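Structure record follows, encoded as structure tokens.
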Amino acid sequence: MLSSLPRAKNPSHFRERRAEHQSQERNRSEALDRLRSLILTVTVVVLPRKLRTPSQGQHRRRLEEKKHRSATKESRKIVE
């Protein structure tokens, strides 16, 4: 899981170099916040989509629409 983090050769040796603030303490707390957010984004589990069957009403409406389309196309045919 942590191996998919960017720039992480080994999960126990994570290194971030960035100096946004003048104080080392603020830079360190910012780096820890970035690390926490990075870990949280990796640990989110995406659930697979649950398959379901259409309801009876949906099934009936779909078949009625198909009959309507079929009748429309049938009426376009040239009768000889």
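The values are calculated or read from the model by the stated rules, or taken from the named source; none is laboratory data. Note that this is a predicted model, so its numbers are computed, not measured. With ideal geometry, Cβ positions are generated from the backbone for all residues, glycine too; neighbour counts draw on all protein chains shown. Side chains are part of the model used for accessible areas, which takes the heavy atoms of the whole protein and leaves out ligands, DNA and RNA. Shrake-Rupley method; radii C 1.70, N 1.55, O 1.52, S 1.80 Å.
Couplings 3J(HN,Hα) of segment 28-44, computed from phi: 5, 5, 5, 5, 5, 5, 5, 5, 4, 5, 5, 5, 5, 5, 7, 7, 6 Hz, in residue order, whole Hz [Karplus 6.51 cos²θ - 1.76 cosθ + 1.60, θ = phi - 60°; x for Gly and Pro]. Under the classification rounded if a/c is under 1.5, otherwise prolate if a/b is larger than b/c and oblate if not, where does segment 34-80 fall, given a ≥ b ≥ c as square roots of the Cα gyration tensor eigenvalues? Verdict is prolate for segment 34-80. With a simple spin-label model that places each label point 7 Å from the Cα along the Cα-to-Cβ direction, the separation between V46 and S70 comes to 3.9 nm. Here the accessible area of segment 38-80 is 58 percent carbon and sulfur, with a 1.4 angstrom probe and all protein chains present. Scalar couplings 3J(HN,Hα) for segment 56-65, obtained by applying the Karplus form with A = 6.51, B = -1.76, C = 1.60 to θ = phi - 60°, are 4, x, 5, 5, 4, 4, 5, 5, 5, 5 Hz; x denotes Gly and Pro.
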